[in-house]
1. Restricting the search to the stretch 208-250, which residues are modelled with pLDDT of 90 or more and either in contact with a strand residue (DSSP E or B) (Cβ under 7 Å, 6 or more places away or on another chain) or outside any helix (DSSP H, G or I) (or both)?
2. List every residue pair whose Cβ atoms lie under 7 Å apart, where the two residues are 6 or more positions apart in sequence or sit on different chains, the first residue falls within the stretch 174-185 and is more than 20 Å from Ile196 (Cβ to Cβ), and the second residue, located anywhere, is aliphatic (A, V, I, L, M) and part of a helix (DSSP H, G or I).
3. Would you please name the residue that is surrounded by the most Cβ atoms within 10 Å (Cβ to Cβ), looking only at residues in the stretch 79-103 that are in a loop (DSSP other than H, G, I, E, B) and polar (S, T, N, Q)?
4. Quick one: which of Pro178, Pro100, Pro93 is under 20 Å from Gly212 (Cα atoms) and either modelled with pLDDT under 85 or not charged (D, E, K, R) (or both)?
5. Looking at the stretch 56-108, which of its residues are free of Cβ contacts under 8 Å to residues at least 24 places away in the same chain and basic (Lys, Arg)?
6. Which of the following residues is in contact with a Leu (Cβ under 9 Å, 6 or more places away or on another chain), closer than 18 Å to Phe190 by Cβ and at pLDDT 90 or above: Ile151, Ile142?
7. Ala195: touching a Pro at 6+ places or on another chain (Cβ under 8 Å), in a helix (DSSP H, G or I) and of a type in the set (A, V, I, L, M), yes or no?
Amino acid sequence: MPLDEATLESFPEEIRADPGLQSFNDVGSIAKSYLETKRMVGDSIRMPAKDVSAEDAQKWWQDTAPKLAERGFLETKPASPENYEFNLNGTTPEVLKNDPLLKEYRTIAHSMGLSNKQANALLGEFGAKLLPKMMPAGPEVIEGEAVKAAIQEKFGSQSTKRLADYQSAMNTLKQQYPKLNDMLKESVGFYNGKAISFFDHPDMIEVFSDIGAKMAQDFGGAFGGIPEGETLETISEKIVNLRNDPNFQKLGEEAQGEKLLPLYKIKTAMLKRIEREQGRG
């Protein structure tokens, strides 16, 4: 039932004939509709005009974004760049937190208004798809069977002897330099434009195999050779004096051997030299 004439007479003349009033039966229903409409308008978001200025559009977004975020329709950027939390497979949170490159990325992402989810997605796509294409390809590596091939190519029929002399030199040197082998294996050089560990490097093998051969021929394995001024008599005398030393006699058998070994190596080298000289005579 439409509003009665008396009620309509109480309304302003310009709205009495409005068709919208035909759906109300009394003033109470009009008031209720008004309050509901006002509540809906308060919760609604008015879109800016098509010709809005950039400044007004930015202001509209600053006012609107928090409302959308509050209702769960939008994830906004963190309060500060430091609040971004990234997740990269194989990388610890501590590394991600302190990485200088990611620190710059946080600042850029924040200035662009990226949410934490958006910043993570962009970082993941960049790392998985773009970064590998931007990074230069690593050098080809010589290892395994390729090492044998490189050694064979350099030394030919002398490869077996070269490797034996090389191993002999390394065995002797590591007595004084225990970490030498590991150091060479962990260091990388280049051979014919390809990466190779120093331990397997043909040029390194050449140098140390020469040392090994010379040690075997001239010094009987005594690294450093025969000390200047030493003779068979003087070195023999040193061995006798060492054996008679009371402090030496208190040592265990293994410790005594370590003390005597350098002297006996020198003595052996001297005897081999004498033998060669007699042979040439």
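1. If the condition is that a residue be modelled with pLDDT of 90 or more and either in contact with a strand residue (DSSP E or B) (Cβ under 7 Å, 6 or more places away or on another chain) or outside any helix (DSSP H, G or I) (or both), then Asp245, Lys250 are the ones that fit.
2. Lys174/Leu180
3. Selected residue: Thr91.
4. That would be Pro178, the only listed residue that is under 20 Å from Gly212 (Cα atoms) and either modelled with pLDDT under 85 or not charged (D, E, K, R) (or both).
5. Scanning the stretch 56-108 gives Lys59, Lys67, Arg71, Lys97, Lys103.
6. Ile151
7. no
The values are calculated or read from the model by the stated rules, or taken from the named source; none is laboratory data. Keep in mind that this is a model prediction, so the values were computed, not measured. When we count neighbours, we look across all protein chains shown, and the Cβ atoms used for this are built from the backbone with ideal geometry, even at glycine.
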